[in-house]
Amino acid sequence: MSDTQTNLVKRVVIAGGGTAGWVAAAGLSHHLGPALEITLVESDTIGTVGVGEATIPTQRTFHAHLGLNEADFMKATGATFKLGIEFEGWLRPGHRYIHSFGTLGRHTWVAPFHHLWLHAKSRGYGGSLDDYCLELKAARAHKFYTAPDKSVLNYAYHLDATAYARFLRTFSEQKGVRRVEGLIEHVEQSGETGFIEALKLQSGERIEGDLFIDCTGFRGLLIEQALETGFDDWSDWLPMNAAVAAQSEATGPAIPYTRSIAHEGGWRWRIPLQHRVGNGIVFDSNHLDPDEAEKKLRDAIDGPLRTDPRLIRFRTGRRKRAWNKNCVALGLSGGFLEPLESTSIHLIQRGVADLVALFPYHGVTQELSDLFSRKMNRELEQVRDFLILHYKLNEREDSDFWRGRKAMDIPDTLAERIALFRDSAYAYHNCDELFLTDSWVQVMMGQGLAPTGWHAVGHMFPDDKLKGALDAQRAQIENAVSRLPAHDDFVRQYCPVTPT
């Protein structure tokens with residue numbers, strides 16, 4: 001085949017550092033290190049985006065596979081714990097809800113818990129759906145606790161992305177990864193196959209390889225500028241195209257959740273670390289001028305600034321192929337979905353995991369690259385739909401931006417999900433899908449989608465027995481939360497950051 005490389009693949013070259021580059025280096029060197037020669041090329045003169053500071057629980061699995069010590073990682077990155085995201089003003093101004101990482105109640109094999117709860121509510125009891133989620137209630141109470149192999153909470157992290165890249169660099173270099181400092185001047189390709197053969201640096205040095213990983217960010221220096229892979233633009237559905245980010249001093253205890261606060265032209269984030277707070281405002285520049293966005297961000301920050309606000313421009317979408325010829329794109333070079341649900345680092349780690357599993361030891365083939373690209377495309381599409389959901393289901397009337405989001409056409413895959421939940425409370429996740437059923441339920445309910453029907457499983461239980469069971473679940477969660485320590489106190493005891 002034209003896109004087949006028959007030579008053995010032993011030399012891996014990672015173009016670019018930052019989170020994507022060093023996640024790739026860490027994953028490949030740990031799992032495949034003895035079989036590979038891994039070189040990472042980066043330049044200290046090129047800045048990184050460095051604002052992907054909130055994660056999801058899959059990062060814990062990635063770290064476990066690397067054998068990383070949690071407390072050491074958290075100390076090195078100033079990390080705090082994260083139990084979910086609070087969405088403020090997304091349905092309408094003044095309204096708020098939490099999308100937690102927890103499970104809603106006790107599921108039956110017949111139907112998920114929320115069907116029982118909907119039946120109970122129709123009968124006049126049952127309380128709030130929030131009362132049946134331990135992570136959500138702990139987040140509201142600013143409580144947290146974990147211990148090795150004993151945590152009952154499902155959680156992720158808030159972290160310093162720049163420090164995280166440094167942490168993984170140390171890990172990777174100890175595993176044998178060679179770092180080369182330099183700027184890439186030219187991508188050398190085979191005149192016959194178009195495969196990349198080497199990266200020529202401004203210093204004149206040539207870095208030859210068999211497989212190249214593009215972690216050059218939005219530029220896509222290899223995957224797009226050299227290989228002209230093409231891009232699927234998703235800005236009709238996710239029109240945010242800019243962000244202003246800044247770091248500030250903390251003015252109070254760190255809370256165990258990310259805040260996502262809607263405004264008339266988009267939303268802003270607040271991410272509490274141990275030693276500072278990450279802040280940013282995400283917006284559509286067709287509806288909000290960057291100068292106005294920066295002013296809104298400055299006005300919203302409640303502590304002294306540690307860094308000047310920085311403008312970041314982007315376009316939502318993905319490369320048409322995540323693996324083209326002998327080049328794999330990871331991170332921003334492969335595509336970008338805005339940081340609304342903190343999926344950026346997960347998508348990098350998912351790509352690395354798939355690459356480890358599909359590694360082309362005996363040569364790059366069309367079949368391998370097709371399979372990898374399909375897997376990544378499917379993952380991105382599923383995350384895309386989940387993000388669009390937040391915008392589509394809104395009742396805001398305060399701006400053209402939000403009215404336009406409510407009126408927009410959406411992918412058929414998402415329209416079907418919304419109709420199923422609206423008509424029958426049916427929510428689901430596919431076996432290879434990131435967001436589980438309870439995540440879809442929390443966001444659809446949080447965004448005001450009230451089902452008109454639900455499963456009849458509730459009729460199997462007399463009201464007194466169902467009410468008693470629900471009361472017992474709520475009481476058990478309240479009792480568990482009351483015994484947890486304050487999140488900030490636990491962090492200071494468990495993994496205090498080293499002062500810098």
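Relative contact order (percent) for segment 242-313, with alpha-carbon contacts under 8 angstrom and 6 or more residues of separation? Reported relative contact order: 46 percent.
Specify the inter-centroid distance of segment 122-168 and segment 299-328, based on alpha-carbon positions, in whole Å. About 26 Å separates the Cα centre of segment 122-168 from the one of segment 299-328.
Bridges between two residues of the chain, per DSSP, are antiparallel at a rate of about 70%. Counting neighbouring beta carbons within 10 Å and listing from fewest to most, the residues Met240, Met408 come out as Met408, Met240.
All other residues whose Cβ lies under 12 angstrom from that of Pro339 are scored, Lys and Arg at +1 and Asp and Glu at -1, for a net of -2.
When the convex hull of the Cα atoms of segment 218-376 is projected onto a plane and the area is averaged over all directions, what value comes out in nm²?
Taking the Cα atoms of segment 218-376, their convex hull projects to 10.9 nm² on average.
Taking the Cα centre of the chain as origin and assigning +1 to Lys and Arg Cβ atoms and -1 to Asp and Glu Cβ atoms, the resulting dipole is close to 1180 debye.
Other residues whose C-beta falls under 10 angstrom from the C-beta of Tyr494 contribute a net charge of 0, scoring Lys and Arg +1 and Asp and Glu -1.
Each of Pro239, Phe401, Leu470 was placed along the dipole of the chain (beta-carbon charges, centred on the mean Cα), and the one lying farthest toward the positive end is Leu470.
Sorted from largest to smallest, which semi-axis lengths in Å does the alpha carbon gyration tensor of segment 52-122 give for its equivalent ellipsoid, taking the root of 5 times each eigenvalue?
Details: eigenvalues 208, 82, 13 Å².
Here the semi-axes work out to 32, 20, 8 Å.
Based on the Kirkwood radius over alpha-carbon pairs, what value in µm²/s does the Stokes-Einstein equation return for the translational diffusion coefficient of segment 144-241 at 25 °C and 0.890 mPa s? The partial results should precede the final answer.
Values: Rh = 17.6 Å.
So the translational diffusion coefficient is about 140 µm²/s.
Considering the options Leu389, Ser439, Leu484, tell which one lies farthest towards the positive end of the dipole of the chain, charges being +1 on Lys and Arg and -1 on Asp and Glu at the Cβ, about the Cα centre. Checked the options; the winner is Leu484.
Using only alpha carbon pairs under 8 Å that are at least six residues apart, calculate the relative contact order of the chain and give it in whole percent. Mind dumping the intermediate values first?
Numbers: 977 pairs, mean separation 119.6, N = 500.
The value is 24 percent.
Across segment 389-500, Cα-Cα distances exceeding 24 Å account for 54% of all pairs. The calculated 222 nm mean residue ellipticity attributable to helices in the chain amounts to -11000 deg cm²/dmol, summing -39500 (n - 2.57) over DSSP H runs of n ≥ 4 and dividing by all residues. Working note: Cα atoms of segment 292-400, range along each principal axis, descending, whole Å: 57, 36, 18.
If every alpha-carbon in segment 454-500 counts as one equal scatterer, what log10 I(q)/I(0) does Debye give at q = 0.13, 0.18 1/Å? Computed log10 I(q)/I(0) values: -0.55, -0.70. For the chain, the longest principal axis of the C-alpha atoms and the axis of helix 437-446 are separated by about 60°. Counting only alpha carbon atoms, the long axis of helix 412-424 and the longest principal axis of the chain meet at about 20°. Which residue, Trp267, Gly335, Thr80, has the largest displacement toward the positive end of the dipole of the chain when charges sit on each Cβ (Lys, Arg +1; Asp, Glu -1)? It is Thr80.
The dipole here belongs to segment 95-244: it is taken about the Cα centre, uses +1 on the Cβ of Lys and Arg and -1 on the Cβ of Asp and Glu, and is about 1460 debye. Ranked by how many other Cβ atoms sit within 10 Å of their own Cβ, fewest first, the residues Tyr426, Tyr132 fall in the order Tyr426, Tyr132. Pairs of Cα atoms nearer than 8 Å and 6+ residues apart set the relative contact order; for segment 102-193 it is 20 percent. Charging the Cβ of each Asp and Glu at -1 and of each Lys and Arg at +1, and nothing else, the dipole of segment 242-313 about its Cα centre rounds to 320 debye. Put simply, the convex hull of the Cα atoms in segment 242-313 casts, on average, a shadow of 4.4 nm². Treating each Cα of the chain as an identical point scatterer and summing with the Debye formula, the log10 of I(q)/I(0) at q = 0.06 Å⁻¹ comes to -0.29.
For segment 377-474, GluC sites (Glu not before Pro) are listed when DSSP marks them as loop and at most 16 other Cβ atoms sit within 10 Å of their Cβ; the list is Glu395, Glu397. Suppose the Debye formula is applied to equal point scatterers at every Cα of segment 364-427; what is log10 I(q)/I(0) at q = 0.13, 0.17, 0.20 Å⁻¹? One equal scatterer on each Cα of segment 364-427 leads to -0.50, -0.70, -0.84. Against the main long axis of the alpha-carbon atoms of the chain, helix 366-392 sits at an angle near 40°.
Values quoted throughout were computed directly from the atomic coordinates according to the rules given, and no laboratory measurement underlies them. This is a predicted model, so every value here is computed, not measured. All Cβ positions, even for glycine, are placed from backbone atoms using ideal geometry, and neighbour counts span all protein chains on display.
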